[in-house]
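Peer 1: Sharing a structure here in structure tokens format.
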Amino acid sequence: MSTQRPSDAELTQKYNQFKSELQQIAQKIGELESEVEEHKLVIDSISPLEPERKCFRMVGGVLVERTVREVLPALETNYSGIKQVIESLLQSYKRKEEEFVEFQKKYKIQVVSKQ
């Protein structure tokens, strides 16, 4: 028993779904890369300061007063956590992209650009 080829409408839907998922992952990676850059900038800015110096941090929409000693470890933890999430999303993107390429090869899908 051979598998039946999906209809053109089903293939188009699946193709668009792949493109949408890849775009969403790429967008999330971009957002997180921006956030990681902000964290890095702040870490680099406050690292040389005295540990007892006052600094302010936004927590749940509220600005709270802390010291550099209290804020720096939290920032570094967040920074490495975000970097791990980015790595995970990059791997997910690569897997999804490979699935997409296989899907295109399997059904001999070629993209024709409109100009």
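The values are calculated or read from the model by the stated rules, or taken from the named source; none is laboratory data. None of these values were measured; they are calculated from a predicted model. We place every Cβ from the backbone using ideal geometry, glycine too, and count neighbours over all the protein chains shown. Calculation scope for accessible area: heavy atoms of the full protein, side chains included, ligands and nucleic acids excluded. Shrake-Rupley method; radii C 1.70, N 1.55, O 1.52, S 1.80 Å.
Peer 1: How about segment 57-76: which of its residues are closer than 30 Å to Gln27 by Cα, open to solvent by 90 Å² or more (accessible area, probe 1.4 Å) and modelled with pLDDT of 95 or more?
Peer 2: Leu63
Peer 1: Return the pair list, or none, for Cβ contacts closer than 9 Å from residues in segment 19-31 that are within 15 Å of Ile82 (Cβ to Cβ) to residues that are open to solvent by 50 Å² or more (accessible area, probe 1.4 Å) and not aliphatic (A, V, I, L, M), at least 6 apart or on different chains.
Peer 2: Ile29/Tyr93
Peer 1: Something else: Output yes when any residue across segment 49-56 is part of a helix (DSSP H, G or I) and of a type in the set (Asp, Glu), and no when none is.
Peer 2: The answer is no; no qualifying residue exists.
Peer 1: Still on this structure, I have one more. Answer yes or no as to whether Ser34 is open to solvent by 50 Å² or more (accessible area, probe 1.4 Å), farther than 23 Å from Tyr107 by Cβ and not charged (D, E, K, R).
Peer 2: Against the criterion (open to solvent by 50 Å² or more (accessible area, probe 1.4 Å), farther than 23 Å from Tyr107 by Cβ and not charged (D, E, K, R)), Ser34 qualifies.
Peer 1: What are the residue pairs meeting all of these: first residue in segment 45-70, first residue acidic (Asp, Glu), second residue in a helix (DSSP H, G or I), Cβ atoms under 8 Å, and 6 or more apart or on different chains?
Peer 2: Glu50/Val68; Glu52/Val68; Glu52/Arg69
Peer 1: Continuing with this model, one more query. So, of the residues in segment 87-108 that are of a type in the set (D, E, K, R), part of a helix (DSSP H, G or I) and free of Cβ contacts under 8 Å to residues at least 12 places away in the same chain, which turns out to be farthest from Arg5 (Cα to Cα)?
Peer 2: Within segment 87-108, the match that is farthest from Arg5 (Cα to Cα) is Glu87.
Peer 1: Out of curiosity, is Glu21 open to solvent by less than 70 Å² (accessible area, probe 1.4 Å), closer than 30 Å to Glu97 by Cα and at pLDDT 95 or above?
Peer 2: So Glu21 fits the description; yes.
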